[in-house]
Amino acid sequence: MASELATVFGMVGTALASLQTLSPALSGDSVTFLDVIVTADDEDLVIEAVGADGESLVQVGRVPRSAPGDAAKLALNHAIARLVSRATELAETV
């Protein structure tokens, strides 16, 4: 049993270490984090996620430009939910 626990410990540690290297990217017209992209139009900050096909964008939400904190929370919540979903899928295949 100890070797199985050591394996779990190592896998969790590796996953957490890789998360520490993630950082958002800021380009001239967007912020990206994982598969989530935040852009601005005339009135709103638009939060989108890369679709299942890896190319299309799916709108996650819109918030007024005056509420960048809300946009950041929505983007982070969506990115983390997707990350947890992927981790769960991977765990089920092991």
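The values are calculated or read from the model by the stated rules, or taken from the named source; none is laboratory data. The structure presented is a predicted model; accordingly, all values stated were derived computationally and were not measured. Methodologically, a virtual Cβ is constructed for each residue, glycine included, from the backbone with ideal geometry; neighbour enumeration extends over all protein chains shown. These area figures cover heavy atoms from the full protein model, side chains too; ligands, DNA and RNA do not enter into them. Shrake-Rupley method; radii C 1.70, N 1.55, O 1.52, S 1.80 Å.
Largest first and in whole Å, give the semi-axes of the chain's equivalent ellipsoid, each being the square root of 5 times a Cα gyration tensor eigenvalue.
32, 14, 11
Let me check against my output: what whole-number percent is the relative contact order of the chain, with C-alpha pairs under 8 Å and at least 6 apart?
In percent, rounded to a whole number, it is 17.
Hey, with R₀ at 30 Å, roughly what FRET efficiency would Ala87 and Ser27 work out to, going by the Cβ-Cβ distance, to 0.05?
Taking R0 as 30 Å, the efficiency between Ala87 and Ser27 is 0.65.
Pick out which of Leu57, Leu19, Leu34 has the largest mean-square fluctuation in a Gaussian network model of the chain, springs linking Cα atoms closer than 10 Å.
Taking springs between Cα atoms under 10 Å, the residue moving most is Leu19.
Counting only heavy atoms of the protein chains, get the accessible area per residue of the chain (1.4 Å probe) and round it to a whole Å² value.
Values: 6770 Å² over 94 residues.
I get 72 Å² per residue for this part.
Quick check on the chain: helices-only [θ] at 222 nm, where DSSP H runs of length 4 and up contribute -39,500 (n - 2.57) each and the sum goes over total residues. Nearest 500, please.
Values: 2 runs with 45 residues, N = 94.
One gets -16500 deg cm²/dmol as the mean residue ellipticity at 222 nm.
Measure off 7 Å from each Cα along the Cα-to-Cβ vector at Lys73 and Phe9, then give the distance between these two points in nanometres to one decimal.
Each label point is offset 7 Å from its Cα along the Cβ direction, giving 3.8 nm.
Give me the one-decimal nm value for the distance between modelled label points at Ala2 and Arg65, 7 Å along each residue's Cα-to-Cβ direction.
Rounded to a tenth, the inter-label distance reads 6.2 nm.
With a ≥ b ≥ c the root eigenvalues of the C-alpha gyration tensor of the stretch 46-94, is it rounded (a/c under 1.5), prolate (a/b larger than b/c) or oblate?
Oblate is the answer for the stretch 46-94, as a/c is 1.5 or above yet b/c matches or exceeds a/b.
On the accessible surface of the chain, probed at 1.4 Å, how many percent belong to carbon and sulfur atoms?
Using a 1.4 Å probe with all protein chains present, the chain comes out at 62 percent carbon and sulfur.
Which one, Val38, Val12, Leu76, projects farthest toward the positive side of the charge dipole computed for the chain from Cβ point charges (K/R +1, D/E -1)?
Val12
For the chain, take the longest principal axis of its alpha carbons; what is the angle in degrees between that and the long axis of helix 2-20, to the nearest 10 within 0 to 90?
With rounding to tens, the tilt is 20 degrees.
List the GluC sites (Glu not before Pro) within the stretch 47-92 that fall in a DSSP loop (any state other than H, G, I, E or B) and whose Cβ has at most 10 other Cβ atoms within 10 Å.
Glu55
Can you give the angle from 0 to 90° between the axis of helix 68-93 and the longest principal axis of the chain, with both taken from C-alpha atoms, to the nearest 10?
Here the helix axis deviates by roughly 30 degrees.
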